[in-house]
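Notes to accompany the following structure.
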Amino acid sequence: QVQLVESGGGLVQAGGSLRLSCAASESTISFRYMGWYRQAPGKQRELVASITSGGSTYYAHSVRGRFTISRDNAKNTVPLQMNSLKPEDTAVYYCNAHGVGTIYWGQGTQVTVSS
């Protein structure tokens, strides 16, 4: 059973930065797609950023230019660097990985941005 463990969340002031990390229990090379999603209270879970095994990235319009996703296959991690944070970025952030015929989710890490 693959496990994804998120870390790096916390409380930060608007304009600040956080770096989230998703650690996988097996090689990230085996996942053709990995992404970060977020869910704010009362809202649906939404895709924030994703990266394919080939390194292609996608960003939601609301975070483009502020967030950067990457893959470290040597460490089996997927970091999400978040800069210029805004109060509307407050949410629980989840790591997601697509294996062969299976989708995995982490437990989430809380990010709170104060104004």
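The values are calculated or read from the model by the stated rules, or taken from the named source; none is laboratory data. Predicted model, so just to flag it, every value in this text is computed and none were measured. Heads up, the Cβs are rebuilt from the backbone with ideal geometry, glycines too, and the neighbour counts pull from every protein chain shown. Heads up: the accessible areas ignore ligands, DNA and RNA and are worked out on the full protein's heavy atoms, side chains in. Shrake-Rupley method; radii C 1.70, N 1.55, O 1.52, S 1.80 Å.
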Legend entry - Electrostatic dipole magnitude of the range 56-115 [Cβ: Lys, Arg +1; Asp, Glu -1; Cα centre; debye, to 20]: 120 debye
Inset, instruction - Can you tell me how much longer the chain between His98 and Tyr33 gets when fully stretched, taken as 0.36 nm per residue apart minus their C-alpha distance, in nm with one decimal? - result: 22.9 nm
Legend entry - Simple spin-label estimate for Ala60 and Ser84 in nanometres, 7 Å along Cα-Cβ: 1.7 nm
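Given contacts defined as C-alpha pairs under 8 Å and at least six residues apart, what's the relative contact order of the chain, whole-number percent?
Values: 286 pairs, mean separation 42.1, N = 115.
Once divided by the residue count of the chain, the mean separation gives 37 percent.
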Inset, instruction - Kindly provide the pair-distance distribution of the range 30-106 built from C-alpha pairs, with 5 Å bins from 0 and whole-percent values in order of increasing distance. - result: 3, 15, 27, 26, 17, 9, 3, 0
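Evaluate the relative contact order of the range 31-83 (contact order divided by residue number), counting alpha-carbon pairs under 8 angstrom at least 6 apart; express in whole percent. It would help to have the intermediate numbers written out before the result.
On the way: 77 pairs, mean separation 13.5, N = 53.
The value is 25 percent.
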Legend entry - Net charge dipole size for the chain [Lys, Arg +1 and Asp, Glu -1 on Cβ; Debye, nearest 20]: 180 debye
Inset, instruction - Could you work out how far apart the two model spin labels at Ala74 and Gln13 are, taking each label as a point 7 Å from the Cα in the direction of the beta carbon, and quote it in nm? - result: 3.6 nm
Legend entry - Carbon + sulfur, % of accessible area of the chain - ligands and nucleic acids excluded, 1.4 Å: 49 percent
Inset, instruction - Work out the FRET efficiency for Gln110 and Leu47 from their Cβ-Cβ distance, taking R0 = 22 Å, and round it to the nearest 0.05. - result: 0.75
